[in-house]
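The values are calculated or read from the model by the stated rules, or taken from the named source; none is laboratory data. Computed from a predicted model, the values in this text were never measured in an experiment. Cβ sites come from the backbone with ideal geometry, for glycine too, and all protein chains shown count toward neighbours. When the accessible area is computed, the model is the full protein with side chains, heavy atoms only, and any ligands, DNA or RNA have been set aside. Shrake-Rupley method; radii C 1.70, N 1.55, O 1.52, S 1.80 Å.
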Amino acid sequence: MYPINLDEIPNEINDYLGAIKEIRFPRQGHTSDVAIIESSRGCFVIKRAKGEQYCSWLSKEIDVLYSLHNTKLPIPSVYQIVQQKSENQSWALLQFFEGETLRHVLNKEKNTDKKHEMIFNFGLTLSQIHSTPCPKELIRDTIWLDDMLVHAEYNLKHFSVDGTAELLEQLKNNKPQPLKSTLIHGDFTIDNVLVRDGKIISIIDWSGGAFGDPRYDISLAIRPKPNAIETESGIHTFFEGYGIKILNKKEYEYFEDGLYSFF
């Protein structure tokens, strides 16, 4: 069974697409059904989210993409957004990039030097995100980490998460020293960076985009991944690309082993 059937696609999106020639399904994430559609108007990505939590994430992603539209970051354009509240689901039609995830490319690359070059560029790309002026639409009066802890508590009470009440209490009582906020991606992993011919061509899945703590992005970026970033050498190369090491072991554990387990 396919995650998306053609007869499920909303009329507004069908009208935009024109005649559909082909639909295929990439490796699926956990938050949305994703399809690549080739139509008479070109190639597109369509995403469908179901349920309160995932619909809110897709809506947030669209808002972030709109706010970043005038930056130089390689992000998808948004063509259509359709909310079907009666069915508790949302749809988005996005720009398609012909590439593979960095995870997939690193997994199959046997040349160590080429791997390190891509990991270097992975760090460089994150540095470019963090140095991009944050659009005013994403800047809140509240502190990002405090907001995240509130959301973590909500997710713990209402959804299935890996974190526990005990862990959340530890996170509240042992917050790291504040660091200057920047634009952050919020889920900067090797699954959310697309590569073609060894070059990064797009950054996708922006539902966590915010004016927040850059250490959170770094912690998710350097998580050990088999055949990708799994050695001290790889992590060192990442920080060479990023330009500075602003994360220590305790902070890494707070964000990656702690906060992330609620999202």
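Looking only at the range 107-116, decide whether some residue is open to solvent by less than 30 Å² (accessible area, probe 1.4 Å) and either within 27 Å of Ser56 (Cβ to Cβ) or not aromatic (Phe, Trp, Tyr) (or both). For the range 107-116, residues open to solvent by less than 30 Å² (accessible area, probe 1.4 Å) and either within 27 Å of Ser56 (Cβ to Cβ) or not aromatic (Phe, Trp, Tyr) (or both): absent.
Would you confirm whether or not the range 48-68 contains a residue that is of a type in the set (Phe, Trp, Tyr), without any contact (Cβ under 8 Å) to a residue 60 or more places away in the chain, in contact with a helix residue (DSSP H, G or I) (Cβ under 8 Å, 6 or more places away or on another chain) and more than 22 Å from Lys136 (Cβ to Cβ)? Taking every residue of the range 48-68 in turn, none turns out to be of a type in the set (Phe, Trp, Tyr), without any contact (Cβ under 8 Å) to a residue 60 or more places away in the chain, in contact with a helix residue (DSSP H, G or I) (Cβ under 8 Å, 6 or more places away or on another chain) and more than 22 Å from Lys136 (Cβ to Cβ).
Restricted to the range 202-222, and to residues there that are open to solvent by 30 Å² or more (accessible area, probe 1.4 Å) and not charged (D, E, K, R), the residue that is nearest to Cys134 (Cα to Cα) is Phe211. I'd like the full set of residues that are more than 19 Å from Gln84 (Cα to Cα), among the hydrophobic types (A, V, I, L, M, F, W, C) and open to solvent by less than 60 Å² (accessible area, probe 1.4 Å), limited to the range 7-24. Correct list: Ile20, Ile23. Just one of the listed residues (Gly163, Gly123) is more than 16 Å from Tyr260 (Cβ to Cβ) and of a type in the set (Gly, Ala, Ser), and it is Gly123.
Among residues that are in a loop (DSSP other than H, G, I, E, B) and under 23 Å from Val64 (Cα atoms), Thr125 is not included.
Restricting attention to the range 128-147, the residues that are over 15 Å from Gly243 (Cα atoms) and in a helix (DSSP H, G or I) add up to 7.
When the range 25-34 is limited to residues that are in a loop (DSSP other than H, G, I, E, B) and of a type outside the set (Val, Ile, Thr), the one that is least open to solvent (accessible area, probe 1.4 Å) turns out to be Ser32.
Those strands (runs of 3 or more DSSP E) of the range 193-263 in which 2 or more residues are not aliphatic (A, V, I, L, M) occupy 199-203, 210-212.
A Cβ distance below 7 Å, combined with a sequence gap of six or more or placement on separate chains, defines the contacts here; from the range 157-172, residues that are acidic (Asp, Glu) reach residues that are surrounded by 13 or more Cβ atoms within 10 Å (Cβ to Cβ) in the pairs Asp162/Ser261. Across the range 117-135, the number of residues qualifying as open to solvent by 40 Å² or more (accessible area, probe 1.4 Å) and either at pLDDT below 95 or under 20 Å from the mean Cα position of the chain (by Cα) (or both) comes to 5.
Is it the case that some residue within the range 182-191 is of a type in the set (Phe, Trp, Tyr), surrounded by 13 or more Cβ atoms within 10 Å (Cβ to Cβ) and more than 27 Å from Asp141 (Cβ to Cβ)? No, the range 182-191 contains no residue that is of a type in the set (Phe, Trp, Tyr), surrounded by 13 or more Cβ atoms within 10 Å (Cβ to Cβ) and more than 27 Å from Asp141 (Cβ to Cβ). Just one of (1) modelled with pLDDT of 95 or more; (2) closer than 16 Å to Phe120 by Cα fails for Tyr254. It is (2). The condition (being surrounded by fewer than 19 Cβ atoms within 10 Å (Cβ to Cβ), at pLDDT below 95 and closer than 27 Å to Thr132 by Cβ) is satisfied by just one residue among Lys175, Lys245, Lys225: Lys225.
With the condition kept exactly as written, say whether any residue in the range 31-38 is out of contact with any strand residue (DSSP E or B) (no Cβ under 6 Å at 6 or more places or on another chain), modelled with pLDDT of 95 or more and closer than 21 Å to His185 by Cα. No; the residues of the range 31-38 include none that is out of contact with any strand residue (DSSP E or B) (no Cβ under 6 Å at 6 or more places or on another chain), modelled with pLDDT of 95 or more and closer than 21 Å to His185 by Cα.
Can you tell me how many residues within the range 35-88 are in a loop (DSSP other than H, G, I, E, B), polar (S, T, N, Q) and open to solvent by 70 Å² or more (accessible area, probe 1.4 Å)? Number of matching residues: 3.
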